[in-house]
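The next block holds one structure in the form of structure tokens; read it before the comments.
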């Protein structure tokens with residue numbers, strides 16, 4: 001499966017792999033095919049014998065540990081370096097389109113003005129941190145990185161509004177860790193050297209940095225990024241999340257922890273164990289994907305985590321990262337951020353970008369499975385995420401595709417954490433290039449070379465709506481690459497039709513015939529008005545700060561420790577009810593171009 005990491009080969013999968021030679025499948029909007037045009041590989045089935053030993057948990061992977069007594073920088077470790085950063089030949093971001101970087105609209109608000117950096121080399125980074133950035137394959141700062149790195153370096157609290165896939169994780173990890181790496185001996189809690197820790201020596205974890213995220217998969221993903229940027233520093237990262245083995249997580253914390261990434265439920269659980277975890281030394285508190293967590297049932301947890309309990313006022317730098325800017329985010333910023341905090345917004349809130357070709361296909365509800373199969377059969381194999389609106393549909397599609405001998409896996413909140421991690425691992429390495437999931441992972445997945453996203457179910461307007469659509473398709477076209485997003489539209493999706501049409505217009509996509517009726521009277525792209533996209537104070541601003549925030553997505557599902565880690569209640573399943581036959585099947589946009597450039601002020605490139 002070496003080809004799964006070759007971007008040039010995978011980009012060829014975007015158009016149809018061969019001239020259409022099938023027959024039109026009534027009700028599917030796609031060509032009927034009896035077999036795939038190319039081999040997808042062998043399907044596999046995981047063995048979940050509970051008595052199996054040597055289970056690999058993502059939180060237990062190796063991190064750089066240095067027991068040196070002098071200096072602030074550890075020696076190189078070639079073996080671990082290869083594990084952390086991968087094959088040097090695959091680090092270069094080949095195929096990235098940076099041509100539109102100057103068109104992205106970046107807005108600064110507040111009294112402070114930040115002078116953006118133009119390159120990592122002039123960002124004032126420690127040589128070791130700059131080397132880690134290079135080892136990660138980063139060449140040019142993304143728009144959010146250009147502003148966040150200097151803002152954090154200058155010591156400001158920060159509120160950053162930027163689309164998922166914009167490079168937010170590196171935007172805060174790089175400057176925070178760069179600032180701390182030379183002060184680790186002075187600020188960090190004492191801990192035993194690795195040799196003594198291996199013999200059982202234990203300490204209480206007192207991290208300097210805490211990163212709070214809504215989903216387990218996102219926590220693991222940020223932890224893996226932190227492992228890279230902590231390489232050769234004295235800073236030791238750890239991750240805690242619901243569903244994983246708490247005994248192992250405690251053992252990792254007791255070896256020492258400077259950078260802690262966690263989900264709210266598990267963090268609260270461990271904070272209540274005073275001998276295990278204390279936030280008294282925290283210098284930086286980062287809330288990532290904040291709008292995903294701002295629901296009424298998290299008020300108590302957030303107050304406890306953000307307070308930390310023991311720090312002096314003004315001693316902690318707070319950073320909020322969000323894809324949208326609902327009232328709850330504004331109030332959270334007013335409550336916890338310093339008065340002179342910097343607010344940065346990259347691109348129009350919730351907008352998508354022109355690097356993703358969006359195809360909307362009309363499909364009869366009863367024919368969706370056949371339409372999915374026809375679409376997969378018509379394209380060259382490539383990493384593909386298939387989004388659905390319920391756990392039941394995810395299970396059904398997993399069984400359906402598996403029985404068609406396609407290498408697939410699925411993930412949702414009812415799966416055990418072991419099953420979720422195994423599914424993600426198999427997808428990342430290309431063992432199962434078809435990944436079926438619910439909206440709970442819409443913001444958490446950042447897998448190299450996801451070339452195709454399929455919305456088997458379009459999002460329900462009551463549970464995420466067009467913002468959820470934006471988050472989902474943003475799983476492809478990451479960091480300047482090109483991608484393809486295919487969405488199945490049924491008669492049940494009429495509520496999202498108007499905003500979906502406007503989104504297609506904004507990014508220069510082809511509008512299928514069945515959506516023409518939803519075009520606004522004024523077709524000037526620069527005048528498109530998305531009602532949810534506003535910075536004006538909510539008329540009810542004086543009320544409850546923890547009302548249902550915008551962009552709430554996911555599914556119903558507990559998370560074991562201290563409440564669920566992710567997601568609100570999801571939308572309807574969609575089922576297999578039959579709808580009217582003979583509905584329009586044309587206008588899918590399969591043969592459309594990448595899209596004409598839209599107005600620079602209204603378009604955000606998901607870097």
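The values are calculated or read from the model by the stated rules, or taken from the named source; none is laboratory data. This one's a predicted model, so the numbers in the text were calculated from it and none came from an experiment. No Cβ is skipped: glycine too gets one built from the backbone with ideal geometry, and neighbour counts run over all protein chains shown.
A compact table of results
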read-out	value
Filtered residue count, the stretch 140-156, keeping only those that are part of a loop (DSSP other than H, G, I, E, B) and either within 15 Å of residue 115 (Cα to Cα) or touching a helix residue (DSSP H, G or I) at 6+ places or on another chain (Cβ under 6 Å) (or both)	5
Condition broken by residue 399, with the remaining ones in (1) part of a strand (DSSP E or B); (2) surrounded by fewer than 21 Cβ atoms within 10 Å (Cβ to Cβ) satisfied	(1)
Only listed residue being in a loop (DSSP other than H, G, I, E, B) and touching a helix residue (DSSP H, G or I) at 6+ places or on another chain (Cβ under 6 Å), chosen from 159, 125, 177, 173	125
Within the stretch 249-261, tally of residues that are assigned to a strand (DSSP E or B) and either surrounded by fewer than 24 Cβ atoms within 10 Å (Cβ to Cβ) or touching a helix residue (DSSP H, G or I) at 6+ places or on another chain (Cβ under 6 Å) (or both)	2
Qualifying residues in the stretch 305-341 (those that are in a strand (DSSP E or B) and touching a helix residue (DSSP H, G or I) at 6+ places or on another chain (Cβ under 7 Å)) - the one modelled with the lowest pLDDT	322
Among (1) closer than 19 Å to residue 267 by Cα; (2) surrounded by fewer than 24 Cβ atoms within 10 Å (Cβ to Cβ); (3) touching a strand residue (DSSP E or B) at 6+ places or on another chain (Cβ under 8 Å) - the single one residue 205 does not satisfy	(2)
Total residues in the stretch 180-207, condition out of contact with any helix residue (DSSP H, G or I) (no Cβ under 6 Å at 6 or more places or on another chain) and not in a helix (DSSP H, G or I)	17
Given (1) assigned to a helix (DSSP H, G or I); (2) under 20 Å from the mean Cα position of the chain (by Cα); (3) crowded, with 22+ Cβ neighbours inside 10 Å, index of the condition residue 238 fails	(1)
Candidate set: the stretch 411-429, residues that are touching a residue at least 40 places away in the same chain (Cβ under 8 Å) and part of a loop (DSSP other than H, G, I, E, B); chosen: the one surrounded by the fewest Cβ atoms within 10 Å (Cβ to Cβ)	416
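Matching residues to (1) in a helix (DSSP H, G or I); (2) at pLDDT 85 or above; (3) closer than 17 Å to residue 177 by Cα:
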residue	(1), (2), (3)
44	no, no, no
50	no, no, no
53	no, no, no
56	no, no, no
63	no, yes, yes
83	yes, yes, no
99	no, no, no
111	no, no, no
